[in-house]
1. For A:Lys163, go through the aspartates and glutamates and keep the ones whose alpha-carbon is under 14 Å away, minus same-chain ones fewer than eight residues off.
2. Roughly how many percent of the accessible protein surface of segment B:228-292 is carbon and sulfur, given a 1.4 Å probe and a whole-percent answer?
3. Going 7 Å from the Cα of B:Ile254 along its beta-carbon direction, which residues of segment B:204-230 have the amide nitrogen within less than 12 Å of the resulting point?
4. Run the quick spin-label model on A:Ile110 and A:Ala128: label points 7 Å from Cα toward the beta carbon, then report their separation in nm to one decimal.
5. How much accessible area is lost when chains B and A come together, counting both sides, with a 1.4 Å probe, in Å² rounded to the nearest 100?
6. For A:Leu137 paired with B:Ser193, estimate the spin-label separation in nm (one decimal), with each label point 7 Å from Cα along the Cα-to-Cβ line.
7. Give, as ranges by residue number, the residues of segment B:1-21 whose backbone N falls under 14 Å from the point 7 Å along Cα→Cβ of B:Asp68.
8. Using θ = phi - 60° and the Karplus form 6.51 cos²θ - 1.76 cosθ + 1.60, what ³J(HN,Hα) does each residue of segment B:142-151 get, whole Hz, x for Gly and Pro?
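The values are calculated or read from the model by the stated rules, or taken from the named source; none is laboratory data. Just so you know, these numbers come straight off a predicted model, no measurement behind them. Heads up, the Cβs are rebuilt from the backbone with ideal geometry, glycines too, and the neighbour counts pull from every protein chain shown. The protein model used for the area step is the full one, side chains on, heavy atoms only, and it has no ligands, DNA or RNA in it. Shrake-Rupley method; radii C 1.70, N 1.55, O 1.52, S 1.80 Å.
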Amino acid sequence: MISTLLIRRYWIIKNRFFTTLGLLLILPVFLNIVINLPFKRLVVNPLWNIPHEQWIYPGLTIIVVVMMMIPSVSRDLFDLRIHKKLLPALALTSISKSVYLYNFLITILIETIVYTILVMIVYSILIAPGFVVLDYLIMFPFILLFIALGANILITLSLIVDKTTLYNLLMLTFFLFIVFASGTVIEFEYFPEVIGNILRYLPTGQIMQSLRMALFSGVINWLILLGALVTIILWTFLNCILFKKRLTK
Amino acid sequence: MEASITFKKVGQLIDGRTVLAGLSFGIERNSTVAIIGDNDDSGLTEFLRIIAGLSDPNYGSLYIHGLDSIKRRLEIRNLIGYVPFENDMDPWLTAEQNINFINSFYSINNKKLIEKYKYYIDALELKEKVNIKVNKLSPGALRKLTLLRELSRDPKILVLDHPTAFMNAKDRSLTWNLLRSLHNKLTMIYSSSSLNIIENFHDRILVFHNGKIDLDNNLDNMLKNWMGHYQFTIQFEKFLTPLFNKIERVQDIISPIKKEQTLIFNANNRSVLLRVMTLLVGVTITDINIKRFHLRDLLAARYIREGIV
């Protein structure tokens, strides 16, 4: 089934090739201008003396990839659902809805892997963080975990909301959360202590902290990784139930 | 005849309102059933959705080819094709991409699928439409494409919710001709607001009213049982009651009425008129009118009698 879903993703990208390509190239440049450049001037004393370029690189990559993922998930699970397109026909096929959603998530992850590689290349040129190949390899699984978590949040929001205005508001909130409250750009030390502690212990915060710990001190916290993985699996399971309920409604 | 679909006390509630009330009946294999609803709340769409598998009944059981619709859901899905009233194709893909995507989730022989797909593309004259993005196609073309999607899987049961809605005259005729060519080859259940079409294309008609089946038979039998096939109106120069009393006793005459100088009666065949005529020797007739009843007359008569309209 994954191949069928991947073929569909390919068709969609092919049908909107220039829009997707344009977005993929413009978005990293735009975020570099509005986030990286001002923050570089703002942060005079970087935390733990890590060069700003290196510190911000994984966060910026994640933001772009999450932004690229939003239309894919929203379109397939919110837009098509509220307009009663494709999903009713899909509900009548002989496949299980849970299996479909599970495969849908994998397809989205495969698609975002491609985006991640492209965005990493673009930012390596734009920001020039001075990473070696091993650094990129360390970063990759963490980014993937973050994306899987983000995809699950997006899937849940796309499935539970029926009103377009509310959905748009939630997407904006989600985006602001990813940019400002997940540790991608702003370190938790900069928040008031209580808020910083709450954000730090959220799965998104945990993954970002582990990523930087692995990248800058070479320590991999397997417990946090395992915890994130379990959260993602459980969340996917819950989303499968939700999807099934929404489609049979 | 073997049953294709069997309803056993099937009921459905939507927002606490009964839309289907304990339906129990069967539909024979390879028969064509036309359904009519007398208003928006007749439960017709829900009835089609339940057969298609989009809704589960709140109570009762539904069997498709002898298989329980809930317990054997996945097996049943390969048997049914459903053309909904609203287009359900992904607007960002072409029609062919949509069809290929959905059909890839069914367990069907690929060679057979391609064969049928090509056949129905020609039959529905869709060659030039399949590679166009769905959001650029007309609603009528989309209905034909949805029909193509469902027929290419070679379903045993085809459920159609107003199959020719939004179509132009040419496409309507093309579609009905294709559906007529499938008569007796698969079970077809369709709703339509065109009573002319229903009249000429059915083995059985179900008339829904407030979630219940109000009428269930073919048109011929319905007319026979309800009002006769013909209505005769004879106008006399002078129509006396003794003559009317004689006419009332004519064999097979239905509901004779005397309205001043006019005699109105129904019958199932025209020979009744000849029998009446034998009693009219020496009487001056000023006008005779023969009307053949249609489905719309039956429905109108039925609903006027029941006080529904």
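1. Partners found: A:Asp79.
2. 49 percent
3. From segment B:204-230, the list is B:219-230.
4. Taking the simple label geometry, A:Ile110 and A:Ala128 are separated by 3.8 nm.
5. Values: alone 15850 and 12830 Å², together 26230 Å².
Using a 1.4 Å probe on protein heavy atoms, the buried area is about 2500 Å².
6. So the two model labels end up 6.7 nm from each other.
7. What the label zone holds, given the 14 Å backbone N cut-off, is B:8.
8. Calculated HN-Hα couplings, in order: 5, 5, 5, 5, 5, 5, 4, 4, 6, 5 Hz.
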